[in-house]
1. Can you say whether Tyr162 is of a type in the set (Phe, Trp, Tyr), closer than 19 Å to Arg30 by Cβ, under 14 Å from the mean Cα position of the chain (by Cα) and not assigned by TED's automatic domain parsing to the domain that holds Leu23, as far as the supplied structure shows?
2. More than 12 Å from the chain's Cα centre (by Cα) and closer than 22 Å to Phe187 by Cβ, is that true of Glu152?
3. Can you confirm whether the stretch 21-34 contains a residue that is surrounded by 16 or more Cβ atoms within 10 Å (Cβ to Cβ) and more than 18 Å from the chain's Cα centre (by Cα)?
4. How many residues, within the stretch 123-143, are β-branched (Val, Ile, Thr) and assigned to a helix (DSSP H, G or I)?
5. Scanning the stretch 149-194 for residues that are of a type in the set (Gly, Ala, Ser) and not in a helix (DSSP H, G or I), which turns out farthest from Asp20 (Cα to Cα)?
6. Give the stretch 130-147 a look and list any residue that's at pLDDT 90 or above and more than 11 Å from the chain's Cα centre (by Cα), or say none.
7. In this structure, is Glu180 without any contact (Cβ under 8 Å) to a residue 60 or more places away in the chain, acidic (Asp, Glu) and on the phi < 0 side of the Ramachandran plot?
8. I need every pair where a residue in the stretch 46-65 that is surrounded by 14 or more Cβ atoms within 10 Å (Cβ to Cβ) has its Cβ under 8 Å from the Cβ of a residue that is polar (S, T, N, Q), sequence separation at least 6 or different chains.
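The values are calculated or read from the model by the stated rules, or taken from the named source; none is laboratory data. As the structure is a prediction and not an experimental result, all values here were calculated from the model. Neighbour counts run over all protein chains shown; Cβ positions are idealised from the backbone, glycine included.
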Amino acid sequence: MIIIKNLNKKYKKDELVLKDFNLNVKKNERVLVKGNSGVGKTTLLKCIAGLEDYDGEITVDGSLAYIFQENRFMPWLTIKQCLMLPLKMKNMDTKQYEDSIIKMCKDLEVYEHLDKYPEEVSGGQLQRLSLVQGLVIEPDYIIMDEPLKSVEGPLYTKLYQYILNWSKNNKVGLIYVTHEQVNEKDFDNIINMT
């Protein structure tokens, strides 16, 4: 479970971005975090991931993956080389892991970009490859910050459904941050940040 108790986060002098924020997320639970730009959605995710200092208590019982708004591919490595990096941290068979990457890339229609460098791939394709980067490591929880911001139309719907189905089928806790309109019935818990 992810347990957040009395989370407070200040920027600059006394600008309080998060105040007494509390949230529990169970494994296999899907949480939607909504709100306008600047209300602290990204800050919340960074605190959960340990990328920001904060006051309060956050416990993550299990492994965590974070899909950022911007891609996190290393420009001097090919996409495939970047995707293979976590293998060194996981006790997983190389072929099995590589097969998982290939399958997921085919599912998300980005397989042909595996041998390219990040600068050779469009923003929308990198966004899909970022999904692969987070999902393929099979985390217990995944936090997503506007994971489909560079995707539109029917592809948006397809990828959105893919994320929801993947989290449900793999029993992965999901915190999905967006300011886009989504179907709230797809989620177990809705957090409106103002």
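1. Spelling it out, Tyr162 is indeed of a type in the set (Phe, Trp, Tyr), closer than 19 Å to Arg30 by Cβ, under 14 Å from the mean Cα position of the chain (by Cα) and not assigned by TED's automatic domain parsing to the domain that holds Leu23.
2. Yes; evaluated as a whole, the condition is true for this residue.
3. Checking the stretch 21-34: at least one residue is surrounded by 16 or more Cβ atoms within 10 Å (Cβ to Cβ) and more than 18 Å from the chain's Cα centre (by Cα).
4. First, pick out the residues of the stretch 123-143 that are β-branched (Val, Ile, Thr): 132, 136-137, 142-143.
From what's left, assigned to a helix (DSSP H, G or I): 132.
Residues in the stretch 123-143 being β-branched (Val, Ile, Thr) and assigned to a helix (DSSP H, G or I): 1 in total.
5. Going through the stretch 149-194, the residues of a type in the set (Gly, Ala, Ser) turn out to be 150, 153, 167, 173.
The next check asks that each one be not in a helix (DSSP H, G or I); those that pass are 150, 173.
Details: Ser150: 32, Gly173: 22 Å.
Looking at residues that are of a type in the set (Gly, Ala, Ser) and not in a helix (DSSP H, G or I), I get Ser150.
6. Asp140
7. Spelling it out, Glu180 is indeed without any contact (Cβ under 8 Å) to a residue 60 or more places away in the chain, acidic (Asp, Glu) and on the phi < 0 side of the Ramachandran plot.
8. Between residues of the stretch 46-65 that are surrounded by 14 or more Cβ atoms within 10 Å (Cβ to Cβ) and residues that are polar (S, T, N, Q), the close pairs are Glu52/Thr43; Tyr54/Asn8; Gly56/Asn6; Gly56/Asn8.
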